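Participant: Please find one structure pasted underneath; my questions will follow.
The values are calculated or read from the model by the stated rules, or taken from the named source; none is laboratory data. All of these numbers come straight from a predicted model, not from anything done at the bench. Cβ sites come from the backbone with ideal geometry, for glycine too, and all protein chains shown count toward neighbours.
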Amino acid sequence: MTVSVNVSRFEDVSMAPPDPILGVSEAFRADTNNMKLNLGVGAYRTEELQPYVLNVVKKAENLMLERGENKEYLPIEGLAAFNKVTAELLLGADNPAIHQGRVATVQGLSGTGSLRLAAALIERYFPGSEVLISSPTWGNHKNIFNDSRVPWSEYRYYDPKTVGLDFNGMISDIKEAPEGSFILLHGCAHNPTGIDPTPEQWEKIADVIQEKNHIPFFDVAYQGFASGSLDADASSVRLFVTRGMEVLVAQSYSKNLGLYSERVGAMNVVCSSSDVAARVKSQLKRIARPMYSNPPIHGARIVANVVGDPTLFNEWKEEMELMAGRIKTVRQKLFDSLSSKDTSGKDWSFILKQIGMFSFTGLNRAQSDNMTNKWHVYMTKDGRISLAGLSLAKCEYLADAIIDSYHNVS
Ligand code: KET
(Lines give C-alpha, C1' and ligand atoms only; values in the text may rest on other atoms or scores of the structure.)
Protein backbone atom coordinates (compact mmCIF):
# COMPACT_ATOMS: atom_id res chain seq x y z
CA MET A 1 0.00 0.00 0.00
CA THR A 2 1.35 3.44 -0.88
CA VAL A 3 1.05 6.16 1.71
CA SER A 4 0.06 9.46 0.18
CA VAL A 5 2.40 12.30 0.96
CA ASN A 6 0.61 15.41 2.03
CA VAL A 7 2.41 17.84 -0.23
CA SER A 8 0.21 19.99 -2.42
CA ARG A 9 0.82 20.27 -6.12
CA PHE A 10 -0.08 23.94 -5.61
CA GLU A 11 2.66 24.55 -3.02
CA ASP A 12 4.31 27.16 -5.23
CA VAL A 13 1.20 29.29 -5.54
CA SER A 14 1.79 32.43 -3.54
CA MET A 15 -0.87 34.46 -1.71
CA ALA A 16 -2.32 37.23 -3.89
CA PRO A 17 -2.68 40.65 -2.30
CA PRO A 18 -6.22 41.85 -1.57
CA ASP A 19 -7.81 43.89 -4.36
CA PRO A 20 -7.18 47.62 -3.75
CA ILE A 21 -10.90 48.42 -4.13
CA LEU A 22 -13.00 45.30 -3.50
CA GLY A 23 -10.56 44.21 -0.76
CA VAL A 24 -11.56 47.35 1.16
CA SER A 25 -15.13 46.03 1.46
CA GLU A 26 -13.79 42.74 2.82
CA ALA A 27 -11.78 44.59 5.49
CA PHE A 28 -14.84 46.73 6.29
CA ARG A 29 -17.00 43.66 6.88
CA ALA A 30 -14.44 42.32 9.34
CA ASP A 31 -14.40 45.55 11.45
CA THR A 32 -16.70 45.41 14.50
CA ASN A 33 -16.51 49.11 15.46
CA ASN A 34 -19.91 50.73 15.15
CA MET A 35 -18.58 54.03 13.81
CA LYS A 36 -17.20 52.24 10.75
CA LEU A 37 -17.88 53.76 7.34
CA ASN A 38 -17.30 52.14 3.96
CA LEU A 39 -16.21 54.76 1.46
CA GLY A 40 -14.13 52.30 -0.56
CA VAL A 41 -16.15 50.86 -3.42
CA GLY A 42 -18.19 53.17 -5.66
CA ALA A 43 -21.64 51.85 -4.77
CA TYR A 44 -24.66 54.00 -4.04
CA ARG A 45 -26.18 53.91 -0.57
CA THR A 46 -29.27 55.62 0.81
CA GLU A 47 -29.08 58.27 3.55
CA GLU A 48 -29.49 55.30 5.94
CA LEU A 49 -26.38 53.80 4.29
CA GLN A 50 -28.35 50.89 2.87
CA PRO A 51 -27.98 49.48 -0.65
CA TYR A 52 -30.63 50.81 -3.01
CA VAL A 53 -32.65 48.87 -5.59
CA LEU A 54 -34.20 51.38 -7.99
CA ASN A 55 -38.01 51.41 -8.22
CA VAL A 56 -37.81 51.15 -12.00
CA VAL A 57 -35.72 48.00 -11.61
CA LYS A 58 -38.37 46.45 -9.36
CA LYS A 59 -41.07 47.42 -11.87
CA ALA A 60 -39.11 45.92 -14.74
CA GLU A 61 -38.59 42.71 -12.75
CA ASN A 62 -42.32 42.49 -12.02
CA LEU A 63 -43.04 42.84 -15.72
CA MET A 64 -40.60 40.02 -16.43
CA LEU A 65 -42.32 37.75 -13.91
CA GLU A 66 -45.76 38.57 -15.33
CA ARG A 67 -44.58 37.70 -18.81
CA GLY A 68 -43.14 34.43 -17.54
CA GLU A 69 -39.98 34.80 -19.55
CA ASN A 70 -37.72 31.80 -20.10
CA LYS A 71 -34.07 31.16 -19.28
CA GLU A 72 -32.82 29.95 -22.65
CA TYR A 73 -29.25 30.79 -23.65
CA LEU A 74 -28.80 34.19 -25.17
CA PRO A 75 -26.94 34.51 -28.46
CA ILE A 76 -23.21 35.14 -27.97
CA GLU A 77 -23.68 38.87 -28.63
CA GLY A 78 -26.42 39.14 -26.00
CA LEU A 79 -30.04 40.25 -25.95
CA ALA A 80 -30.97 42.06 -29.18
CA ALA A 81 -33.40 44.45 -27.45
CA PHE A 82 -30.68 45.35 -24.95
CA ASN A 83 -28.02 45.92 -27.60
CA LYS A 84 -30.36 48.23 -29.48
CA VAL A 85 -31.31 50.44 -26.54
CA THR A 86 -27.84 50.52 -25.04
CA ALA A 87 -26.29 51.96 -28.22
CA GLU A 88 -29.16 54.45 -28.44
CA LEU A 89 -28.74 55.53 -24.84
CA LEU A 90 -25.05 56.10 -25.46
CA LEU A 91 -25.09 57.80 -28.85
CA GLY A 92 -28.62 59.20 -29.03
CA ALA A 93 -31.40 57.32 -30.85
CA ASP A 94 -31.12 59.57 -33.90
CA ASN A 95 -27.36 59.16 -34.30
CA PRO A 96 -26.52 58.51 -37.99
CA ALA A 97 -23.88 55.93 -36.98
CA ILE A 98 -26.72 53.76 -35.63
CA HIS A 99 -28.94 54.23 -38.68
CA GLN A 100 -26.07 53.44 -41.00
CA GLY A 101 -25.43 50.18 -39.13
CA ARG A 102 -21.91 51.27 -38.21
CA VAL A 103 -22.06 50.34 -34.53
CA ALA A 104 -20.97 46.87 -33.46
CA THR A 105 -22.57 46.27 -30.06
CA VAL A 106 -22.01 43.19 -27.97
CA GLN A 107 -23.45 42.68 -24.49
CA GLY A 108 -20.59 42.22 -22.04
CA LEU A 109 -20.12 41.21 -18.42
CA SER A 110 -20.67 44.76 -17.21
CA GLY A 111 -18.03 47.45 -17.71
CA THR A 112 -15.10 45.24 -16.72
CA GLY A 113 -16.05 42.37 -19.00
CA SER A 114 -16.70 44.74 -21.88
CA LEU A 115 -13.31 46.39 -21.46
CA ARG A 116 -11.78 42.92 -21.39
CA LEU A 117 -13.42 42.03 -24.73
CA ALA A 118 -12.04 45.19 -26.33
CA ALA A 119 -8.60 44.52 -24.86
CA ALA A 120 -8.64 41.05 -26.44
CA LEU A 121 -9.65 42.59 -29.78
CA ILE A 122 -6.73 45.04 -29.55
CA GLU A 123 -4.31 42.26 -28.67
CA ARG A 124 -5.44 40.24 -31.68
CA TYR A 125 -5.78 42.89 -34.36
CA PHE A 126 -3.36 45.61 -33.26
CA PRO A 127 -0.34 43.66 -32.00
CA GLY A 128 2.17 45.93 -30.30
CA SER A 129 -0.21 48.90 -30.20
CA GLU A 130 -0.21 50.72 -26.93
CA VAL A 131 -3.14 51.86 -24.84
CA LEU A 132 -2.62 55.19 -23.08
CA ILE A 133 -4.37 55.46 -19.75
CA SER A 134 -4.75 58.49 -17.52
CA SER A 135 -2.54 58.99 -14.48
CA PRO A 136 -4.21 58.15 -12.19
CA THR A 137 -7.03 55.91 -13.36
CA TRP A 138 -9.39 53.21 -12.05
CA GLY A 139 -6.97 50.58 -10.73
CA ASN A 140 -8.47 47.70 -12.68
CA HIS A 141 -7.61 49.23 -16.07
CA LYS A 142 -3.98 48.19 -15.65
CA ASN A 143 -4.97 44.65 -14.64
CA ILE A 144 -7.28 44.32 -17.65
CA PHE A 145 -4.59 45.31 -20.15
CA ASN A 146 -1.89 43.32 -18.37
CA ASP A 147 -3.98 40.16 -18.39
CA SER A 148 -4.81 40.75 -22.06
CA ARG A 149 -1.11 41.29 -22.86
CA VAL A 150 -1.77 44.74 -24.24
CA PRO A 151 1.06 47.19 -23.56
CA TRP A 152 0.00 50.41 -21.86
CA SER A 153 1.53 53.64 -20.68
CA GLU A 154 0.19 56.69 -18.93
CA TYR A 155 -0.70 60.21 -19.94
CA ARG A 156 -0.64 63.06 -17.44
CA TYR A 157 -4.09 63.90 -16.12
CA TYR A 158 -4.16 65.04 -12.50
CA ASP A 159 -2.13 67.96 -11.23
CA PRO A 160 -1.78 67.79 -7.43
CA LYS A 161 -0.64 71.43 -7.32
CA THR A 162 -3.89 72.78 -8.73
CA VAL A 163 -5.94 69.73 -7.66
CA GLY A 164 -7.24 69.98 -11.22
CA LEU A 165 -6.64 68.72 -14.73
CA ASP A 166 -3.09 68.87 -16.13
CA PHE A 167 -4.51 69.70 -19.53
CA ASN A 168 -1.24 70.71 -21.20
CA GLY A 169 0.47 67.58 -19.90
CA MET A 170 -2.40 65.45 -21.15
CA ILE A 171 -2.35 66.98 -24.62
CA SER A 172 1.41 66.74 -25.00
CA ASP A 173 1.52 63.09 -23.86
CA ILE A 174 -1.25 62.16 -26.31
CA LYS A 175 0.64 64.02 -29.05
CA GLU A 176 3.86 62.17 -28.26
CA ALA A 177 2.32 58.69 -28.28
CA PRO A 178 3.14 56.54 -31.32
CA GLU A 179 0.66 57.16 -34.11
CA GLY A 180 -2.38 54.87 -33.95
CA SER A 181 -2.33 54.35 -30.19
CA PHE A 182 -5.54 53.71 -28.27
CA ILE A 183 -6.38 56.56 -25.91
CA LEU A 184 -8.47 55.41 -22.96
CA LEU A 185 -10.78 58.19 -21.78
CA HIS A 186 -13.34 58.30 -19.01
CA GLY A 187 -16.60 59.42 -20.66
CA CYS A 188 -17.59 61.40 -17.56
CA ALA A 189 -17.00 61.52 -13.81
CA HIS A 190 -13.34 60.51 -14.02
CA ASN A 191 -12.43 57.85 -11.49
CA PRO A 192 -10.70 58.50 -9.08
CA THR A 193 -10.19 62.26 -9.47
CA GLY A 194 -13.75 63.50 -10.17
CA ILE A 195 -12.21 65.96 -12.64
CA ASP A 196 -13.50 66.05 -16.23
CA PRO A 197 -12.29 68.13 -19.18
CA THR A 198 -14.51 71.07 -20.15
CA PRO A 199 -16.40 70.91 -23.49
CA GLU A 200 -13.71 73.15 -25.05
CA GLN A 201 -10.97 70.87 -23.73
CA TRP A 202 -12.78 67.81 -25.14
CA GLU A 203 -12.67 69.49 -28.58
CA LYS A 204 -8.91 69.94 -28.27
CA ILE A 205 -8.45 66.37 -27.08
CA ALA A 206 -10.41 65.20 -30.14
CA ASP A 207 -8.21 67.41 -32.35
CA VAL A 208 -4.93 65.79 -31.24
CA ILE A 209 -6.37 62.29 -31.30
CA GLN A 210 -7.53 62.91 -34.85
CA GLU A 211 -4.21 64.48 -35.90
CA LYS A 212 -2.26 61.51 -34.60
CA ASN A 213 -4.63 58.89 -36.02
CA HIS A 214 -5.13 57.55 -32.52
CA ILE A 215 -8.21 55.51 -31.65
CA PRO A 216 -10.37 56.88 -28.83
CA PHE A 217 -11.45 54.22 -26.35
CA PHE A 218 -14.08 55.36 -23.85
CA ASP A 219 -14.93 53.80 -20.53
CA VAL A 220 -18.46 54.95 -19.65
CA ALA A 221 -19.27 53.64 -16.18
CA TYR A 222 -21.10 56.67 -14.77
CA GLN A 223 -23.49 57.93 -17.47
CA GLY A 224 -25.98 60.10 -15.56
CA PHE A 225 -23.91 60.28 -12.40
CA ALA A 226 -21.77 63.28 -13.33
CA SER A 227 -24.48 65.82 -14.14
CA GLY A 228 -27.65 63.87 -13.39
CA SER A 229 -28.40 63.95 -17.15
CA LEU A 230 -27.86 60.89 -19.34
CA ASP A 231 -27.47 62.97 -22.49
CA ALA A 232 -25.09 65.56 -21.06
CA ASP A 233 -22.89 62.78 -19.67
CA ALA A 234 -22.61 61.14 -23.09
CA SER A 235 -21.61 64.33 -24.88
CA SER A 236 -17.88 63.53 -24.85
CA VAL A 237 -18.44 60.24 -26.68
CA ARG A 238 -20.95 61.80 -29.09
CA LEU A 239 -18.49 64.55 -29.99
CA PHE A 240 -15.96 62.01 -31.28
CA VAL A 241 -18.64 60.06 -33.16
CA THR A 242 -20.01 63.24 -34.76
CA ARG A 243 -16.53 63.97 -36.07
CA GLY A 244 -16.70 60.69 -37.97
CA MET A 245 -14.05 58.97 -35.89
CA GLU A 246 -14.01 55.26 -35.13
CA VAL A 247 -14.52 54.89 -31.39
CA LEU A 248 -14.60 52.08 -28.83
CA VAL A 249 -16.95 52.47 -25.89
CA ALA A 250 -17.39 50.17 -22.89
CA GLN A 251 -20.64 50.74 -20.99
CA SER A 252 -21.72 49.70 -17.51
CA TYR A 253 -25.12 49.67 -15.79
CA SER A 254 -23.66 48.89 -12.37
CA LYS A 255 -23.94 52.43 -11.05
CA ASN A 256 -26.64 54.26 -13.00
CA LEU A 257 -29.21 51.46 -12.73
CA GLY A 258 -27.72 49.99 -9.54
CA LEU A 259 -27.28 46.61 -11.27
CA TYR A 260 -23.84 45.94 -9.75
CA SER A 261 -24.18 42.19 -9.29
CA GLU A 262 -26.20 41.55 -12.45
CA ARG A 263 -23.06 42.21 -14.52
CA VAL A 264 -24.69 44.03 -17.39
CA GLY A 265 -22.90 46.30 -19.83
CA ALA A 266 -21.80 46.46 -23.44
CA MET A 267 -18.88 46.91 -25.79
CA ASN A 268 -19.65 49.22 -28.71
CA VAL A 269 -17.30 49.74 -31.62
CA VAL A 270 -18.33 52.60 -33.87
CA CYS A 271 -16.84 51.77 -37.28
CA SER A 272 -16.46 53.67 -40.54
CA SER A 273 -18.83 51.34 -42.42
CA SER A 274 -21.53 48.78 -41.71
CA ASP A 275 -19.39 46.17 -43.40
CA VAL A 276 -16.50 46.71 -40.99
CA ALA A 277 -18.93 46.81 -38.05
CA ALA A 278 -20.31 43.39 -39.01
CA ARG A 279 -16.81 41.92 -39.11
CA VAL A 280 -15.75 43.54 -35.84
CA LYS A 281 -18.88 42.19 -34.16
CA SER A 282 -18.19 38.71 -35.45
CA GLN A 283 -14.72 38.85 -33.90
CA LEU A 284 -16.01 40.14 -30.56
CA LYS A 285 -18.35 37.14 -30.52
CA ARG A 286 -15.47 34.85 -31.33
CA ILE A 287 -13.55 36.26 -28.37
CA ALA A 288 -16.54 35.96 -26.01
CA ARG A 289 -17.43 32.36 -26.86
CA PRO A 290 -14.43 30.61 -25.28
CA MET A 291 -14.26 33.16 -22.44
CA TYR A 292 -17.82 32.87 -21.07
CA SER A 293 -19.90 31.60 -24.01
CA ASN A 294 -22.79 34.05 -23.72
CA PRO A 295 -23.89 36.72 -21.26
CA PRO A 296 -26.55 36.56 -18.50
CA ILE A 297 -30.09 37.57 -19.44
CA HIS A 298 -31.65 39.00 -16.28
CA GLY A 299 -29.93 42.38 -16.14
CA ALA A 300 -30.14 42.81 -19.91
CA ARG A 301 -33.91 42.37 -19.76
CA ILE A 302 -34.15 44.94 -16.97
CA VAL A 303 -32.20 47.47 -19.06
CA ALA A 304 -34.24 46.70 -22.18
CA ASN A 305 -37.48 47.19 -20.23
CA VAL A 306 -36.42 50.42 -18.55
CA VAL A 307 -34.60 52.14 -21.41
CA GLY A 308 -37.01 50.84 -24.02
CA ASP A 309 -40.19 52.01 -22.27
CA PRO A 310 -40.87 55.77 -22.28
CA THR A 311 -42.67 55.76 -18.90
CA LEU A 312 -40.05 53.70 -17.08
CA PHE A 313 -37.30 55.63 -18.83
CA ASN A 314 -38.62 58.92 -17.46
CA GLU A 315 -38.98 57.43 -14.00
CA TRP A 316 -35.40 56.22 -14.20
CA LYS A 317 -34.19 59.72 -15.05
CA GLU A 318 -35.97 61.05 -11.96
CA GLU A 319 -34.42 58.39 -9.73
CA MET A 320 -31.01 59.08 -11.17
CA GLU A 321 -31.37 62.78 -10.45
CA LEU A 322 -32.29 61.82 -6.93
CA MET A 323 -29.16 59.69 -6.49
CA ALA A 324 -26.89 62.28 -8.12
CA GLY A 325 -28.61 64.96 -6.02
CA ARG A 326 -28.02 63.12 -2.74
CA ILE A 327 -24.32 62.83 -3.56
CA LYS A 328 -24.16 66.56 -4.31
CA THR A 329 -25.81 67.32 -0.96
CA VAL A 330 -23.30 65.26 1.04
CA ARG A 331 -20.47 66.77 -1.01
CA GLN A 332 -21.61 70.23 0.06
CA LYS A 333 -22.09 69.18 3.69
CA LEU A 334 -18.63 67.58 3.81
CA PHE A 335 -17.10 70.77 2.44
CA ASP A 336 -19.04 72.90 4.96
CA SER A 337 -17.98 70.64 7.84
CA LEU A 338 -14.31 70.69 6.80
CA SER A 339 -14.31 74.45 6.29
CA SER A 340 -15.89 75.23 9.64
CA LYS A 341 -13.88 72.69 11.67
CA ASP A 342 -10.45 73.22 10.11
CA THR A 343 -8.97 76.41 11.53
CA SER A 344 -5.68 76.08 9.60
CA GLY A 345 -6.92 78.07 6.60
CA LYS A 346 -6.59 75.13 4.20
CA ASP A 347 -8.76 75.55 1.12
CA TRP A 348 -11.10 72.55 0.81
CA SER A 349 -13.04 73.97 -2.14
CA PHE A 350 -11.59 71.36 -4.52
CA ILE A 351 -14.16 68.97 -3.05
CA LEU A 352 -16.95 71.06 -4.57
CA LYS A 353 -15.25 71.19 -7.95
CA GLN A 354 -15.02 67.40 -8.24
CA ILE A 355 -17.98 65.57 -9.75
CA GLY A 356 -19.52 62.11 -9.72
CA MET A 357 -19.44 59.52 -7.00
CA PHE A 358 -15.98 60.21 -5.64
CA SER A 359 -13.83 62.77 -3.97
CA PHE A 360 -10.08 62.59 -4.44
CA THR A 361 -9.00 63.97 -1.07
CA GLY A 362 -5.26 64.30 -1.63
CA LEU A 363 -4.63 62.16 1.48
CA ASN A 364 -1.52 60.05 1.02
CA ARG A 365 -1.14 56.40 1.89
CA ALA A 366 -0.14 56.93 5.53
CA GLN A 367 -2.97 59.41 6.01
CA SER A 368 -5.44 57.01 4.37
CA ASP A 369 -4.18 54.27 6.71
CA ASN A 370 -4.86 56.58 9.64
CA MET A 371 -8.40 57.13 8.36
CA THR A 372 -8.97 53.38 8.52
CA ASN A 373 -6.90 52.31 11.53
CA LYS A 374 -7.86 55.14 13.86
CA TRP A 375 -11.23 56.31 12.53
CA HIS A 376 -12.61 53.12 10.93
CA VAL A 377 -13.20 54.99 7.68
CA TYR A 378 -12.56 52.53 4.84
CA MET A 379 -11.26 54.09 1.61
CA THR A 380 -8.78 53.30 -1.14
CA LYS A 381 -5.12 54.00 -0.46
CA ASP A 382 -4.89 56.55 -3.27
CA GLY A 383 -6.94 58.93 -1.11
CA ARG A 384 -10.25 58.37 -2.89
CA ILE A 385 -13.50 58.39 -0.93
CA SER A 386 -16.86 57.34 -2.33
CA LEU A 387 -19.38 60.03 -1.44
CA ALA A 388 -22.09 57.63 -2.58
CA GLY A 389 -21.40 55.70 0.63
CA LEU A 390 -21.63 58.77 2.88
CA SER A 391 -24.70 60.14 4.71
CA LEU A 392 -25.37 63.69 5.89
CA ALA A 393 -25.31 62.34 9.45
CA LYS A 394 -21.73 61.09 9.05
CA CYS A 395 -20.23 64.20 7.42
CA GLU A 396 -19.02 65.81 10.65
CA TYR A 397 -17.37 62.58 11.80
CA LEU A 398 -15.70 62.20 8.41
CA ALA A 399 -14.50 65.81 8.51
CA ASP A 400 -12.89 65.18 11.94
CA ALA A 401 -11.18 62.09 10.55
CA ILE A 402 -9.87 63.91 7.48
CA ILE A 403 -8.62 66.92 9.44
CA ASP A 404 -6.82 64.68 11.94
CA SER A 405 -5.26 62.56 9.19
CA TYR A 406 -4.27 65.54 7.05
CA HIS A 407 -2.67 67.63 9.82
CA ASN A 408 -1.33 65.01 12.22
CA VAL A 409 0.04 62.35 9.87
CA SER A 410 2.76 63.19 7.39
N1 KET B 1 -14.85 51.63 -15.28
C2 KET B 1 -14.68 52.46 -14.24
C3 KET B 1 -14.04 53.78 -14.47
C4 KET B 1 -15.10 52.05 -12.97
O5 KET B 1 -14.93 52.90 -11.98
C6 KET B 1 -15.68 50.79 -12.79
C7 KET B 1 -16.07 50.34 -11.45
C8 KET B 1 -15.86 49.99 -13.92
C9 KET B 1 -15.42 50.44 -15.15
C10 KET B 1 -16.46 48.63 -13.91
O11 KET B 1 -17.59 48.42 -13.24
P12 KET B 1 -18.50 47.13 -13.58
O13 KET B 1 -19.17 46.82 -12.31
O14 KET B 1 -17.60 46.03 -14.06
O15 KET B 1 -19.42 47.57 -14.63
N16 KET B 1 -15.63 50.87 -10.39
C17 KET B 1 -15.97 50.62 -8.99
C18 KET B 1 -16.09 49.18 -8.62
C19 KET B 1 -14.90 48.33 -8.94
O20 KET B 1 -13.75 48.70 -8.67
O21 KET B 1 -15.13 47.23 -9.47
C22 KET B 1 -15.02 51.40 -8.10
O23 KET B 1 -14.09 52.04 -8.62
O24 KET B 1 -15.22 51.41 -6.88
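Participant: Only residues that are of a type in the set (Asp, Glu) and either part of a helix (DSSP H, G or I) or farther than 25 Å from Ile351 by Cα (or both): list them for the stretch 164-209, please.
Facilitator: The initial filter retains those residues of the stretch 164-209 that are of a type in the set (Asp, Glu), namely 166, 173, 176, 179, 196, 200, 203, 207.
Hits for the stretch 164-209 are Asp173, Glu176, Glu179, Glu200, Glu203, Asp207.
Participant: Can you work out which of the residues in the stretch 215-241 that are of a type in the set (Phe, Trp, Tyr) and under 16 Å from the mean Cα position of the chain (by Cα) is surrounded by the fewest Cβ atoms within 10 Å (Cβ to Cβ)?
Facilitator: Within the stretch 215-241, the subset of a type in the set (Phe, Trp, Tyr) is 217-218, 222, 225, 240.
Applying the additional criterion that residues be under 16 Å from the mean Cα position of the chain (by Cα) yields 217-218, 222, 225.
On the way: Phe217: 22, Phe218: 24, Tyr222: 25, Phe225: 24.
The selected residue is Phe217.
Participant: Answer yes if at least one residue in the stretch 171-189 is in contact with a Gly (Cβ under 9 Å, 6 or more places away or on another chain), surrounded by fewer than 22 Cβ atoms within 10 Å (Cβ to Cβ) and acidic (Asp, Glu), and no otherwise.
Facilitator: no
Participant: Right, something else. How many residues are closer than 13 Å to Val270 by Cα and either part of a helix (DSSP H, G or I) or hydroxyl-bearing (Ser, Thr, Tyr) (or both) when one looks only at the stretch 214-258?
Facilitator: Here the count works out to 6.
Participant: Just to check your reading of the model, which residue among Gly389, Gly356, Gly299 is in the same structural domain as Tyr158 (by the TED database) and buried (at least 22 other Cβ atoms within 10 Å of the Cβ)? So that I can check it myself, show each step before the final result.
Facilitator: Numbers: Gly389 fails: in the same structural domain as Tyr158 (by the TED database); Gly356 fails: in the same structural domain as Tyr158 (by the TED database).
Exactly one of Gly389, Gly356, Gly299 is in the same structural domain as Tyr158 (by the TED database) and buried (at least 22 other Cβ atoms within 10 Å of the Cβ), namely Gly299.
Participant: Separate question: Mind checking which residues of the stretch 277-293 are touching a residue at least 40 places away in the same chain (Cβ under 8 Å) and out of contact with any helix residue (DSSP H, G or I) (no Cβ under 7 Å at 6 or more places or on another chain)? Please lay out each step first, then the result.
Facilitator: Of the residues in the stretch 277-293, the ones touching a residue at least 40 places away in the same chain (Cβ under 8 Å) are 277-278, 280-281, 283-285, 287-289, 291-293.
Result: Ala277, Ala278, Val280, Lys281, Lys285, Arg289, Met291, Tyr292, Ser293.
Participant: Condition first: surrounded by 15 or more Cβ atoms within 10 Å (Cβ to Cβ) and closer than 21 Å to Phe217 by Cβ. Now tell me which residues in the stretch 259-273 satisfy that. Give the steps one after another, and end with the answer.
Facilitator: If we filter the stretch 259-273 for residues that are surrounded by 15 or more Cβ atoms within 10 Å (Cβ to Cβ), which is where we start, we get 259-260, 262-271.
Answer for the stretch 259-273, where residues must be surrounded by 15 or more Cβ atoms within 10 Å (Cβ to Cβ) and closer than 21 Å to Phe217 by Cβ: Arg263, Val264, Gly265, Ala266, Met267, Asn268, Val269, Val270, Cys271.
Participant: Which pairs do you get when a residue that is at pLDDT 80 or above, found in the stretch 1-22, comes within reach of a residue that is of a type in the set (Lys, Arg), reach meaning Cβ atoms under 9 angstrom, with the pair 6+ apart or on two chains?
Facilitator: As it stands, the answer is Pro20/Lys381; Ile21/Arg384, since those pairs meet every condition given.
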